[in-house]
1. Taking the Cα centre of segment 1-146 as origin, work out the dipole magnitude from +1 charges on Lys and Arg Cβ and -1 charges on Asp and Glu Cβ, in debye rounded to 20.
2. Putting +1 on Lys and Arg Cβ atoms and -1 on Asp and Glu Cβ atoms, find which of Ala4, Thr303, Val166 reaches farthest to the positive end of the dipole of the chain.
3. Cut-off under 14 Å on the C-alpha distance; same-chain residues fewer than 8 positions from Lys131 excluded. Which aspartates and glutamates are left, in chain and number order?
4. Rounded to the nearest 0.05, what FRET efficiency do Ala179 and Glu255 give with R0 = 45 Å and r taken as the Cβ-Cβ distance? Could you check?
5. Which is farthest toward the positive dipole end of the chain among Phe212, Ile63, Tyr97, measuring Cα position about the Cα centre, with Cβ charges +1 (Lys, Arg) and -1 (Asp, Glu)?
6. Can you tell me how segment 92-189 classifies by the Cα gyration tensor, rounded, prolate or oblate, using a/c under 1.5 as the rounded cut?
7. Excluding residues fewer than 8 places away in the same chain, name every one of the lysines whose C-alpha is closer than 26 Å to that of Lys135.
8. Please say if the chain is rounded, prolate or oblate, where rounded means a/c under 1.5 for a ≥ b ≥ c the square roots of the C-alpha gyration tensor eigenvalues, and otherwise the choice is prolate for a/b larger than b/c and oblate otherwise?
Amino acid sequence: MGAALILEHVGKRYGAFQAVKDLSFEVQKGEICGFLGPNGAGKTSTIRMILGLTNLDEGRISILGARDGRRVRDRLGFLPEERGLYKKMTPVDAIAYFGALKGLSMAEGRKRARGLLERQGLSESANKPLKALSKGMAQKVQLAAAVVHEPEFVILDEPFSGLDPVNQQGLEALIRDLARGGATVLFSTHVMQHAERLCDRVVLLAKGQKAFEGTVREARASVPRTLEMEGPALDAAALAALPGVIEVEASPEPEPGVRAFRISLAPGAATAEVLKAAFGRGFEISRFDVREASLHDAFIRLTGIEAETGQEAAR
């Protein structure tokens, strides 16, 4: 389908601080791409350059065929990390107003606003002042305002920040709906679980530089699968000699007299074959558990930086 967004060797400096360095990646039309990294990694600086809100110091950007978002602004939707709505306006009027800034008539904007609010379960709040809405409800209104003109490309900067699990689930559903409707979505987050559930592809950023670009599956494949095993007489050296095992690490004893180990498996190693070999050699195993790598695991391995685990994220 072609690339909707291309960055080539992009750099941004603030005085002596290099916020973004030699950053290159692409987002294909119609996909959901997660732009991932801890706070301060350079995500927002990059988004501002894509939109044309900040000049880049090095490299080239192409978005929907233009060199920055200012030239195709009516085809873009943007939800900034810093939210901003007029508190005395109603949701319908606020959404219609933002639609008018992108070329819609106020009548058409109000019509679309009511439809968007209904799909988000906010019909009863459509004519209440925004200051009377909860944070989660207001965030849904702001997202509706960002997409009321049915943009081709939607950029969401930390859209899940501050939302409770229920509203996080609702926002994830909205992002999926945007992609099903044909939009390309780029969203930044420092919580890996959202990206793991939503993304076709991810770009991992650390200290202003790209650490990885590819699918979630490819990122997870960079981390060995692990087999957690317990038994009364297990031996690290004997476990390390099993076929497909690349590393053995002792774990705390779950109970007196029971030894526990975390075993890393080589790429392509079949768990069943490892267990078959262990039983075949007479190992007494009281418990085992296979653990597939998460995107969080991959992020740590690829960047060396601890990202948020997303314990507060919607499940």
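Rule-based calculations on the coordinates, nothing more; no lab input. Quantities reported herein were computed from a predicted structural model and do not represent experimental measurements. FYI the Cβ positions are ideal-geometry reconstructions off the backbone, even for glycines, and counts take in every protein chain you see.
1. Result for segment 1-146 is approximately 540 debye, rounded to the nearest 20.
2. Ala4
3. Filter leaves Asp93.
4. Between Ala179 and Glu255 the formula returns 0.40.
5. Sorting the options by dipole projection puts first Tyr97.
6. oblate
7. Leaving aside lysines fewer than 8 places away in the same chain, those within reach of Lys135 are Lys43, Lys87, Lys88, Lys102, Lys111.
8. prolate
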